[in-house]
Amino acid sequence: MSHIRIGIFFFFLSMFISCKSEYEHYVDQEIESGVRNDSLILGMYIGQTRKDFFNTCWQLNKQKLISQGTGNRTAKYIEPYDSLANQSLRKELLFYGIFDEKDVMQGMEMTYSYTTWAPWNHDKYSTFLADELKGYYMKHYGKNPFVEIDLGLPEYKAFVKIDGNRHILIYPKNKKDVAVKIEDIHFRLDQQKKREMKS
């Protein structure tokens, strides 16, 4: 009888596990790894304070590496000119830190676009840029793969890669812009739980 009960237990356990999405398995696997990857962009990292973020931006601005974004709501970085590179692929980056209730930076929200984007430049549309950014983040931010996830975007695909605690989401926002969001996975899951409790 005990063998039957054990068999039933593992049957339902396997049913429960199989109900989890590929994304949920990915999250569980990386959390269990215990690996920490805290680097963000331009020398900034998860765990800095809001004050650290502003000080870093101030120093980068003094070096003329970044400037203010539209409406002073973001910082703006434009890839430096490289005479050996394809200039049509230069990118503009708007970014701002993601902070918790203690003003500790838990990630970065970014928007990329090609500086040569125009409605008639179809090869500079966001779908092409998203593919380029996936390659960039694969090369520089860990070797785990991107997986496609459903964000309910009718026209565009969204992709996630997770390396330990660092969660990277990439998706086109419109024909021009691509959103990239890097977050600590623990913070992301905590925020998700809070939203679910409110709804």
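Each value in this text was obtained by applying a stated rule to the coordinates, not by laboratory testing. It should be emphasised that the depicted structure is a prediction, and the values quoted were computed from it without experimental measurement. Glycine also receives a Cβ, built like all others from the backbone with ideal geometry; neighbour counts cover every protein chain displayed.
Measuring r between the beta carbons of E32 and S199 and using R0 = 35 Å, the FRET efficiency lands at 0.80. Which of the GluC sites (Glu not before Pro) found in the range 115-171 are loop residues per DSSP with 15 or fewer other Cβ atoms within 10 Å of their Cβ? Hits after loop and neighbour filter: E155.
Is the shape of the range 35-198 best called rounded, prolate or oblate, per the rule: a/c under 1.5 gives rounded, else a/b larger than b/c gives prolate, else oblate, with a ≥ b ≥ c the square roots of the Cα gyration tensor eigenvalues?
Values: a/c = 1.64, a/b = 1.16, b/c = 1.42.
Oblate.
Calculated mean residue ellipticity, 222 nm, the chain: -11500 deg cm²/dmol, from DSSP H runs (n ≥ 4) at -39500 (n - 2.57) each, averaged per residue and rounded to 500.
When only DSSP loop residues count, what GluC sites (Glu not before Pro) in the range 30-125 have their Cβ near at most 15 other Cβ atoms within 10 Å?
Filter output for the range 30-125: E101.
Cross-link partners of K62 among lysines, defined as those whose alpha carbon lies under 16 angstrom from its own and excluding same-chain residues fewer than eight positions apart: K76. For the range 72-157, applying the loop criterion from DSSP together with a ceiling of 16 other beta carbons within 10 Å to the trypsin sites (Lys or Arg not before Pro) yields R73, R90, K102, K143, K157. Across the range 71-79, computed HN-Hα scalar couplings (Karplus, 6.51 cos²θ - 1.76 cosθ + 1.60, θ = phi - 60°) run x, 6, 9, 9, 9, 10, 10, 10, 3 Hz from first to last residue, x flagging Gly and Pro. In sequence order, the range 95-111 has phi-based couplings of 8, 7, x, 9, 10, 8, 5, 9, 6, 9, 6, 10, x, 9, 9, 9, 10 Hz under the Karplus curve 6.51 cos²θ - 1.76 cosθ + 1.60, θ = phi - 60°, and Gly or Pro positions carry x.
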